[in-house]
Amino acid sequence: MRAAIGDRVIVEGTRPGVPRRDGRVTALHRPDGEPPWEVLWSDTGHSTLFFPGPDSRLHHFTRQAPSRQAPRPSVRPRTSSKTERSEPARPEEPTGGQEQAMPSNPGDLGRRVALRREQLGLSREQTAVRAGMAVRYLEYLETSPTAVERGALARLAAVLDTSVTQLLGGGLDLPPGRTSAAAHPVLEELARSECWERLSTDGVGRVALGTATGPIVLPVNYWVLDGTLIFRTAADGPLAATVGQRVAFEVDRIDEVLRTGWSVLATGDAHRIDDRPALAHLKQQDKPSPWAGGERDVWVRIKPTELSGRVIRTADDPTR
């Protein structure tokens, strides 16, 4: 489907409660006229980036040649009075603050959508169908920095069991848990098996150890193997001092929306892994893989002797 400036776009309301929409193509993002296009919608007077789906139709706008006897005014496509009063938006300046959303760092939105979709085990096709959008549009969204219509982003967040704010990367520079407590919180102890279940197989945790200048707590990427916690560090880094010491290791997760969460605390002695077969296996698996990068050739294993955890639920939590 190829469009030209001025073509009319019609989106049929195929789902209950979704009205029919029409708009006018005001800008092209590809020289051959292939999607996506910038469309000025008659119902809102705002322009958004649009990728047509199976419920979309395109009516080409044909310009009539002026008569040789007398010049005639150029023909404009029929639009609603609201659309005619609106100025077309330039491609580099999307309009309609209430209609579009853009992440702070271009490309973040697409990566967050793709990652969350993979975490839930959803294919791109399944996600697009459930969110009521074209598969090609979702593919474009995941691979190209772009502004997204608020309604489409809200539907996508619902399908991915997250929020618009999280998809846009909002609040990542702030500590979690800034909202007030739930109305009826319940604090419970976790069984040892539940602690290991929440530790899962890998992730990011915090190592606490004592030093000559006082205790320190540092985050690490870790991996669970044979009932032990493994992390990597640099030979001259502060965490190299954990070798031979008794340390604490903590992992937690927080749900800002439901104001629930859990934490697991493990205590045990830290030992450097020197066994060659074991090291070869870890290197081959590239586990764990430190986000900090750099040369981190010291593998440290923590064998927990004490393991405890707590969970905060709400009184009406059906999982209790």
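Read-outs: derived from the displayed coordinates by stated rules, not from any lab. From a predicted model like this one, the values you see are computed outputs, not experimental measurements. Backbone-built Cβ (ideal geometry, glycine too); neighbour counts: all protein chains shown.
Principal axis extents of the C-alpha atoms in segment 185-314 (largest first, rounded to whole Å): 47, 36, 27.
Between residue 297 and residue 143, the modelled labels are 4.0 nm apart [label points 7 Å from Cα along Cα→Cβ].
Fully extending the segment from residue 180 to residue 5 would add 58.0 nm, taking 0.36 nm per residue of separation and subtracting the current Cα-Cα distance.
Along segment 303-313 the Karplus relation, 6.51 cos²θ - 1.76 cosθ + 1.60 evaluated at θ = phi - 60°, assigns HN-Hα couplings of 9, x, 9, 10, 9, 9, x, 9, 9, 9, 10 Hz to successive residues, with x for each Gly and Pro.
Near residue 268: Cβ cut-off under 11 Å, other residues only, Lys/Arg at +1 and Asp/Glu at -1. The net charge is +1.
Put in line by how crowded their Cβ is, counting other Cβ atoms within 10 Å and starting with the fewest, 291, 299 read 291, 299.
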